[in-house]
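The values are calculated or read from the model by the stated rules, or taken from the named source; none is laboratory data. This structure is a prediction, so every number in the text was calculated from the model and none was measured. Using ideal geometry, Cβ is built from the backbone for each residue, glycine included, and neighbour counts are taken over all protein chains shown. In case anyone asks, the SASA skips ligands and DNA or RNA and just uses the protein heavy atoms, side chains included. Shrake-Rupley method; radii C 1.70, N 1.55, O 1.52, S 1.80 Å.
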Amino acid sequence: MTTFKLDIRDVTKRYGEAVALLPTNLQVAQGEFLTLLGPSGSGKTTLLMMIAGLTETSGGQILLDGRDITQTPAYRRDIGVVFQNYSLFPHLSVFENVAFPLRMRKCAEGQVKAAVQRSLDMVRLGHLAQRLPRELSGGQQQRVAFARAIVFDPQLVLMDEPLGALDKKLRDELKLEIRKLHGELKKTIVYVTHDQDEAMLLSDRVCLMNEARVEQIAPPVALYERPRTRFAAGFVGESNLIQGTVRGGAIAVGQGMLSTAHADLLPVEGRPVTVLVRPERLRIVAVPDAAALRGRVVDVIDLGAVRRLTIAGEHGDTLTMTMLGGDQPVSPGATIALAVAANDVVPLAEDAS
Amino acid sequence: MKTASSRFLLFAPAALLLGLFFAAPIANFLTQGFVDGTGSLTLEHAQRIWEAGTYTQVMLASVKISLWVTLLSVIVGYPAAYVLANADPKRKSTWALLILLPFWSSFLVRTFAWIVILGRQGPLNAGLVASGVSERPLDLLYGWAAVVIGMTNVLVPFAILTMVGVMERIDRGLMVAAGTLGARPVQAFFRIYLSLSMPGVTAAALLVFITALGFFMAPALLGSARETMITQLVIQQVTELVNWPFAAILCLLLLGTALVLFVVFDKMVGLSTLSGQADRHSAGASAASRRIVGALGDMLAGLAEILRLSPPTPGRGAWSTHWLAVLVILFLIVPLVLLVPISFSGREFLSWPPSDVGLRWYEEILSSPAWLDAAWRSFAVAFLTTLLCLAVAVPAAFAFQRLKGAGASAAFAAMIAPLLVPRMVIAVALFYVYARLGLVGTVAGLVIGHAVIALPYVFIAIIAVLKTYDRRLDLAAASLGASAFATARHVTLPLIAGGIASAALFAFVISLDELNVALFASGGMQSTLPKLMWDEATLRFSPLLAAVSTLVLLAMSAVVLLAARLRSAS
Ligand SMILES: Nc1ncnc2c1ncn2[C@@H]1O[C@H](COP(=O)(O)OP(=O)(O)O)[C@@H](O)[C@H]1O
Ligand SMILES: [Mg+2]
């Protein structure tokens, strides 16, 4: 049996009566980039802080390399943490900030110099080593915090919304940089964000969290293609949720029938079901057949590259559809027929409540 | 539009008060040290002081005592300040009240308490004899230790409040971050927290030292002739020998020491740290001292590890600090509490435990015209002082807020200047001019003197509130058609009322407790409460003073609690 880099077993956190994290299981492989994605208050920070040893667990075990570290104090865990507000020591220079973990580990001065320089060069800040943190821009501070968290070659790096305090442009830039650094360093990283773009771009796997528990763990594309619940479908990407009834392994929607390649996910015959169809997976068909939905175009937004249609479906729901621009124009008021491939019709479980 | 001239007008009351009754009198008085009978310049007095030798000895002794008091106050105050600064909001107000109550209670009363505790018939000796540690009562009073303990007790709250201002601005996340980087809690404390709190420690040390240097109550009441401090000599020169030149030179020595320290402090840390504001030099300690302190932290952490003192799990281990803080608060409060039982003693002299319990002393006070008269005068003076301080400080604070750069620094330094000058110097200088203005023995003379002394506290309290006030609300009011006056009346003042109330409290309590000015300017007839208490105590400490102290404590606690209630209500 392979041991995971990080193995979280039934870890839970309560604050008095309130539950911040229900018993949770999560495994992270060596070198993996795992993102905890979820709305604010879903327990991401709580979980991360328990891994770091900064919050006590209310139950469960945390294993690092197969070793139980649940009771190990933070300073002995060998886990690097990047905080949202960076937490750089304001009285220490950039160099001393990055050197701090090495000094705590009583490294020789020569080693410290070399490692700090290497680390700072990696985040392209080698030339600013003598500055104080307040003399740096937000993006630069963020990179110092990253350098400080990796300089001591930790077993694991945790990052809690590290880009949260930056503006959009800088965020996009640093996102790519973190991706590149992960590729070079091959560190195991657990990253917290509420931004789905960040999660999609960076992660090997995404752990979607909602209301103090794990909703779904999957690679980004799988999470997009085959979310299991309404919440997952709605949180990642845009979605059409279509109500229907199970009939003969397909879904009856008003007059039409949608067939699905994921019939194993359907409830029993005759039960109501919600299926997900992503807006870009809908196609307009000239010759309507049984496997089609009908509707009237209500609104067209032409963005040049793409075109977004709002369609009032005959079955009652409103549908959103995105298509490439440049084709023959569609005008509001037109009645159209829509088809979708069986593989793109994803039955959803009702949300666990 | 606010113009430079209207800003100038807002500063005018402050400039007038400080110019006429602070700067000019001090300059006038101090020059007396360097003029002879004919009015020409001379170094004769300075030379005689130097040659007499005793004066320089007393100065050195004063510095030595003050240094000890400073060291102890900072060390004793640090854990309490740490706990207060890091307490969660629910507990914080309780901690704050426990520390503020002794802070607000009278200097004189707190000094009295040590006469009781350390006296031959006091509870400490009673305890020592009863427990068999000592056969006879020990001479704990009238010595170096009694003076240092008494002064430390009075000055610890100052140190705490100064340090808390800086500690509250230290990001708690930094200690957490240090933990994830491999620092044990002790190491993180020494390498991060201590360094970052250094400006506060330095500021506290400075304030305590300068205040201690100007003390005369504790050495006079708790010490022997060997603990005579420089201010006692000043009083002697003025009241017994009427030797103004000598008094002036001694005051100059005192003032010079204070100013040199302030300049050094401003260069190193920045004066504004005193008001708990900007951190121009937040880098804190120098690299060298940081390395030493860091190494010390590593050593202690290693030691703690060996002794298994290190907290095993995160989030724990604050207990030892809490206990230290509780001890500090007991050290501050117990002496005050001990005065209460003494006040019910029916004996002529102090004894422990109190016997012949009754209300004898209270009856004596309440039927004594002298005490009632002094009490009435003290409250009237405190009330008028408060009004005067607010009238002067509020406009100045508004004007100050719009200043920037060098102008702001200069205005700030001018407004807090009375804080940097030992009170004794202010009091003697005022006495020197009051004599010629006919203000000796008048309520006006007392009020003006008290206002000069309280002004810096009031000013700092008000600018602190204005700092937190969102000026855009004024702009919004103006855009809605409110005139400058209407804006101030309907928007600004109601919002800052809580802050103004605490500033007023400063003025009131400082005035109520002020002894220096009354020592000279009350002219013997127009005595204030502290002056009368002081006169009594220098003769003999009887349970009567314990009863007066109890009443003063009650009155001051009532004022402080009322203010706390008002503030939380607003
Ligand atoms: N110290 C605390 N005391 C009480 N409740 C807390 C505390 N910290 C977090 N919580 C609660 O736990 C839940 C999860 O919080 P958190 O982990 O910070 O969420 P996220 O990081 O996903 O936004 C929230 O409902 C929050 O209110
Ligand atoms: Mg969070």
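With B:Arg172, B:Arg184 as the choices, which residue is within 14 Å of another protein chain (Cβ to nearest Cβ), within 30 Å of B:Leu207 (Cβ to Cβ), open to solvent by 50 Å² or more (accessible area, probe 1.4 Å) and in contact with a helix residue (DSSP H, G or I) (Cβ under 8 Å, 6 or more places away or on another chain)? So that I can check it myself, show each step before the final result.
Working: B:Arg184 fails: within 30 Å of B:Leu207 (Cβ to Cβ).
On inspection, the qualifying residue turns out to be B:Arg172.
When A:Lys13 is tested against (1) more than 9 Å from ligand 1 (Cβ to nearest atom); (2) more than 17 Å from A:Val206 (Cβ to Cβ); (3) surrounded by 19 or more Cβ atoms within 10 Å (Cβ to Cβ); (4) not hydroxyl-bearing (Ser, Thr, Tyr), exactly one condition is not met: (1). Considering (1) away from ligand 2 (no atom under 16 Å from the Cβ); (2) part of a strand (DSSP E or B); (3) under 17 Å from A:Tyr191 (Cβ atoms), the lone condition that A:Leu22 does not fulfil carries the number (3).
In the stretch A:76-89 there is at least one residue matching the filter, namely being more than 27 Å from the chain's Cα centre (by Cα) and more than 16 Å from ligand 2 (Cβ to nearest atom). Taken over the stretch A:64-96, the criterion of being within 9 Å of chain B (Cβ to nearest Cβ), not in a loop (DSSP other than H, G, I, E, B) and not acidic (Asp, Glu) is satisfied by A:Ala74, A:Tyr75, A:Arg76, A:Ile79, A:Gly80, A:Val81. Exactly one residue among A:Gly139, A:Gly110, A:Gly183 is within 22 Å of A:Gln30 (Cβ to Cβ) and part of a helix (DSSP H, G or I), and that residue is A:Gly183.
Say we look at the stretch A:147-177 and pick out the residues that are open to solvent by less than 10 Å² (accessible area, probe 1.4 Å) and in a helix (DSSP H, G or I); which of these is farthest from ligand 2 (Cβ to nearest atom)?
Within the stretch A:147-177, the subset open to solvent by less than 10 Å² (accessible area, probe 1.4 Å) is A:147-149, A:154, A:156-159, A:162-163, A:174.
In the following step, the residues that additionally are in a helix (DSSP H, G or I) were identified as A:147-149, A:174.
Numbers: A:Ala147: 23, A:Arg148: 20, A:Ala149: 17, A:Leu174: 18 Å.
Checking each candidate, the answer is A:Ala147.
Here is a check on your reading of the model: is A:Ala115 within 30 Å of A:Gln140 (Cβ to Cβ), within 14 Å of chain B (Cβ to nearest Cβ) and away from ligand 1 (no atom under 16 Å from the Cβ)?
Numbers: within 30 Å of A:Gln140 (Cβ to Cβ): yes; within 14 Å of chain B (Cβ to nearest Cβ): yes; away from ligand 1 (no atom under 16 Å from the Cβ): yes.
Against the criterion (within 30 Å of A:Gln140 (Cβ to Cβ), within 14 Å of chain B (Cβ to nearest Cβ) and away from ligand 1 (no atom under 16 Å from the Cβ)), A:Ala115 qualifies.
Can you find a residue that is open to solvent by 10 Å² or more (accessible area, probe 1.4 Å), more than 16 Å from ligand 2 (Cβ to nearest atom) and either more than 9 Å from chain B (Cβ to nearest Cβ) or touching a strand residue (DSSP E or B) at 6+ places or on another chain (Cβ under 7 Å) (or both) anywhere in the stretch A:38-58? There is at least one residue in the stretch A:38-58 that is open to solvent by 10 Å² or more (accessible area, probe 1.4 Å), more than 16 Å from ligand 2 (Cβ to nearest atom) and either more than 9 Å from chain B (Cβ to nearest Cβ) or touching a strand residue (DSSP E or B) at 6+ places or on another chain (Cβ under 7 Å) (or both).
For the stretch B:523-536, what are the residues that are surrounded by fewer than 20 Cβ atoms within 10 Å (Cβ to Cβ) and assigned to a helix (DSSP H, G or I)?
Here is the first cut: in the stretch B:523-536, the ones surrounded by fewer than 20 Cβ atoms within 10 Å (Cβ to Cβ) are B:523-526, B:535-536.
The answer is B:Asp535, B:Glu536.
Every condition in (1) within 14 Å of chain A (Cβ to nearest Cβ); (2) more than 31 Å from the chain's Cα centre (by Cα); (3) open to solvent by less than 30 Å² (accessible area, probe 1.4 Å) is met by B:Val166 except one, and the failing one is (2). Check whether at least one residue in the stretch B:46-62 is of a type outside the set (Lys, Arg), touching a helix residue (DSSP H, G or I) at 6+ places or on another chain (Cβ under 7 Å), part of a helix (DSSP H, G or I) and closer than 30 Å to B:Ala451 by Cα, and report yes or no. The answer is yes, given that some residue of the stretch B:46-62 is of a type outside the set (Lys, Arg), touching a helix residue (DSSP H, G or I) at 6+ places or on another chain (Cβ under 7 Å), part of a helix (DSSP H, G or I) and closer than 30 Å to B:Ala451 by Cα.
Would you kindly identify the strands (runs of 3 or more DSSP E) lying entirely within the stretch A:226-343 that contain at least 1 residues that are open to solvent by 60 Å² or more (accessible area, probe 1.4 Å)? Lay out the reasoning, then the answer.
Values: elements: A:240-247, A:250-253, A:256-259, A:272-277, A:283-285, A:292-302, A:306-313, A:318-324, A:335-339.
Where strands (runs of 3 or more DSSP E) fall fully within the stretch A:226-343 and carry at least 1 residues being open to solvent by 60 Å² or more (accessible area, probe 1.4 Å), they are A:240-247, A:256-259, A:272-277, A:283-285, A:292-302, A:306-313, A:318-324, A:335-339.
Of the listed requirements (1) within 10 Å of another protein chain (Cβ to nearest Cβ); (2) within 19 Å of A:His182 (Cα to Cα); (3) open to solvent by 40 Å² or more (accessible area, probe 1.4 Å); (4) away from ligand 1 (no atom under 16 Å from the Cβ), A:Gln30 misses just one: (1). Of all residues assigned to the stretch B:203-217, none qualifies as being of a type in the set (S, T, N, Q), open to solvent by less than 10 Å² (accessible area, probe 1.4 Å), assigned to a helix (DSSP H, G or I) and more than 14 Å from chain A (Cβ to nearest Cβ). Look at the stretch A:188-201: where a residue is in the same structural domain as A:Ala218 (by TED's automatic domain parsing) and within 12 Å of ligand 1 (Cβ to nearest atom) and a partner is open to solvent by 50 Å² or more (accessible area, probe 1.4 Å) and among the β-branched types (Val, Ile, Thr), sitting 6+ places away or on another chain with Cβ atoms under 7 Å, you get A:Val192/A:Thr45. Is at least one residue of the stretch A:67-76 within 15 Å of ligand 1 (Cβ to nearest atom) and open to solvent by less than 40 Å² (accessible area, probe 1.4 Å)? Looking through the stretch A:67-76, none of the residues is within 15 Å of ligand 1 (Cβ to nearest atom) and open to solvent by less than 40 Å² (accessible area, probe 1.4 Å).
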